[in-house]
Amino acid sequence: DTEVTQTPKHLVMGMTNKKSLKCEQHMGHRAMYWYKQKAKKPPELMFVYSYEKLSINESVPSRFSPECPNSSLLNLHLHALQPEDSALYLCASSQAPTGSSYEQYFGPGTRLTVT
Amino acid sequence: GDSVTQMEGPVTLSEEAFLTINCTYTATGYPSLFWYVQYPGEGLQLLLKATKADDKGSNKGFEATYRKETTSFHLEKGSVQVSDSAVYFCALTYTNAGKSTFGDGTTLTVKP
């Protein structure tokens, strides 16, 4: 199984809502990532979890809160978002965070619209 | 810092034409290099990779060779199909912290 799954596929939320994005992989990967991708742009790294611990936070606003409950799951909790946060949110995993030859496996993304 | 520069798109080709998408990089060490492809409405998929100088990555008819002397990793395919229409991202992974640097992406459209 070389699949990363993400739910929901689409999400519309108001600026006062609280919602969560979920990501799951069963490849035994020990690194998991959240990216934000705007239209016609490359993915921008938000967070990296290494062995279930947050190892990189790319100065992401606190209205985005990641969580890694176990080695297979990654959540992104959303609260008080702004319209400019509307984007495709991609989850990815790799065999390990170290070892530069490890490619990342991406999920299909959650298309988020903030109204 | 590290950076990746891709040729600007969009690129429009006829079916069976030869494809080249240029990618050059700047890195202080010896990164691994990747090409990812993103089809409309989907996430990124690894297309091919090369981990050291002179390595050639290949997959589905696509090839790219890691050229240290020219700091390049150009993507080529001898005969494109309509189904190859997508956005192609060149990327490098250098640090041991799992961060990848992506190019801006090149949109390819193949017409029948």
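For the range B:1-96, the list of chymotrypsin sites (Phe, Trp or Tyr not before Pro) that fall in a loop by DSSP and count at most 14 other C-beta atoms within 10 angstrom reads B:Phe18. For B:Leu48, nonlocal amide neighbours, meaning residues 5 or more places apart or on other chains whose placed amide H falls under 5 Å from its own, are B:Trp35.
Among the residues of B:35-42, the average count of other protein chain beta-carbon atoms within 10 Å of the residue beta-carbon is 3.
Based on C-alpha pairs under 8 angstrom that are at least 6 apart in sequence, the range B:25-90 has a relative contact order of 31 percent. Give me a comma-separated list of calculated 3J(HN,Hα) values for the range A:12-24, in order, Karplus coefficients 6.51, -1.76, 1.60 applied at θ = phi - 60°, integers in Hz, x for any Gly or Pro. Values, residue by residue: 10, 9, x, 5, 9, 6, 10, 9, 9, 9, 10, 9, 9 Hz.
Please identify the cysteines of the protein assembly as shown that lack any partner cysteine with a Cβ under 4.7 Å from their own Cβ. A:Cys68 - these cysteines have no disulfide-compatible partner (Cβ-Cβ under 4.7 Å) in the protein assembly as shown. How would you classify chain A from its alpha-carbon gyration tensor, with a ≥ b ≥ c the square roots of the eigenvalues: rounded for a/c under 1.5, else prolate if a/b is greater than b/c, otherwise oblate? It comes out prolate by the Cα gyration axes. Neighbouring Cβ atoms from other chains, within 10 Å of the Cβ of residues in B:49-56, number 1 on average. In this structure, the pairs whose alpha-carbon distance is over 19 Å, taken from B:Lys77/B:Lys111; A:Lys36/B:Lys99; A:Lys41/B:Lys99; A:Lys36/B:Lys52; A:Lys41/B:Lys111; B:Lys49/B:Lys77, are A:Lys36/B:Lys52; A:Lys41/B:Lys111.
Using only alpha-carbon positions in the protein assembly as shown, the gyration tensor eigenvalues give semi-axes of 30, 21, 15 Å once each is multiplied by 5 and square-rooted (largest first). Note on A:Gln82 and B:Lys56: their simple-model spin labels are 4.9 nm apart, each label 7 Å out from Cα toward Cβ.
Taking 7 Å steps out from each Cα toward its Cβ at A:Asn70 and B:Thr107 produces label points 4.2 nm apart.
Please check chain B for the longest run free of trypsin sites (Lys or Arg not before Pro) that are loop-located per DSSP (anything but H, G, I, E, B) and have at most 14 other Cβ atoms within 10 Å. Free of exposed loop sites, the longest segment is B:1-51. For peptide A:31-40, the mean count of partner chain Cβ atoms within 10 Å of a residue's Cβ comes to 2. What aspartates and glutamates sit close enough to A:Lys18 to cross-link, taking a C-alpha to C-alpha distance under 15 Å and skipping anything fewer than 8 places away on the same chain? Within the straight-line cut-off, A:Lys18 pairs with A:Glu67, A:Asp85.
With semi-axes defined as the square roots of five times the eigenvalues of the C-alpha gyration tensor, the equivalent ellipsoid of chain B measures 24, 14, 12 Å, largest first. Over the range B:19-62, how many percent of alpha carbon pairs lie in each 10 Å bin up to the one with the longest distance? Result, from short to long distances: 22, 53, 23, 3 percent.
Reported to the nearest whole Å, the Cα centre-to-centre distance from the range B:1-16 to the range A:15-51 is 25. Compactness ratio for the range A:6-68: Cα radius of gyration over 2.2 N^0.38 Å (N = residue count) comes to 1.20.
Where a number appears in this text, it was derived from the coordinates with a stated rule and is not lab data. Only a predicted model underlies this, so the values are computations on that prediction, with no experimental measurement involved. Glycine also receives a Cβ, built like all others from the backbone with ideal geometry; neighbour counts cover every protein chain displayed.
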